[in-house]
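Read the structure below first, then the notes.
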Amino acid sequence: DDVGLQDEAEASLRASQMQSFVDDVKSTFFAGTPGGSETIMPLNDGKTFVNTNFDDNVVISSELAETINKKANEGMVLIYSQGDIKISHQVQSLKAVLIADGKVDTCSDADQGGDNGQLLDSCYNPLVINGVVFSKGDIALDRVYGGGSTEGMNLDSNTLIQRAEIFSFNPEIVEWGYNYKHKTQPITTTYIEELSTRY
């Protein structure tokens with residue numbers, strides 16, 4: 001039906017726009033050979049922070065998440081992995097743009113479809129990501145918070161209606177992207193051509 005086709009067209013357009021954004025971020029900030037460093041470095045504008053191009057997988061530990069969130073208070077943080085981005089179960093909030101050529105895993109300590117006891121023991125914290133999450137592979141939503149699970153097998157009825165993972169698009173990304181491009185790639189006059197007078 002027409003509504004279904006319109007929804008598909010809008011979804012396709014959004015996917016295309018997201019892919020364009022991701023390609024632009026990768027080519028602008030992560031060109032060159034991956035260094036494998038977990039350092040979050042400021043760029044010249046002082047408002048953009050990037051990792052120095054992780055190679056292979058990125059594991060966001062609670063310590064790295066704390067650094068990312070501190071830098072996010074000063075500007076925009078971009079994390080890119082040529083492999084997977086795996087988030088430790090201890091991390092409960094993250095403010096960043098996450099881009100993975102592999103998958104994004106919200107709990108690096110266990111996997112859905114595996115040992116349920118391990119999930120209950122290891123993935124019971126909630127997670128809120130304020131930013132953008134992009135993955136060429138899957139986004140593995142492994143947290144079990146909201147299923148009555150807190151601190152392992154201790155069932156808490158207060159968590160039954162809570163969401164385990166929340167991805168909240170940060171609208172500041174649009175403003176940051178505009179300002180960054182405006183400062184680093186200003187519009188310049190390439191040529192002027194006089195047109196003949198018309199009456």
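The values are calculated or read from the model by the stated rules, or taken from the named source; none is laboratory data. What you see is a predicted model, and the numbers here were worked out from it, not measured in a lab. For neighbour counting, all protein chains shown are included, and Cβ atoms are generated from backbone atoms with ideal geometry for every residue, glycine included. Remember, those area values only see protein heavy atoms, side chains included, never the ligands or the DNA or RNA. Shrake-Rupley method; radii C 1.70, N 1.55, O 1.52, S 1.80 Å.
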### Message
So the check is Cβ under 6 Å with 6+ separation or different chains; which pairs have a first residue in segment 13-28 that's of a type in the set (D, E, K, R) and a second one that's open to solvent by less than 60 Å² (accessible area, probe 1.4 Å)?
### Response
none
### Query
Quick one: in segment 61-73, which of the residues that are touching a residue at least 24 places away in the same chain (Cβ under 8 Å) and within 18 Å of residue 169 (Cα to Cα) is surrounded by the most Cβ atoms within 10 Å (Cβ to Cβ)?
68
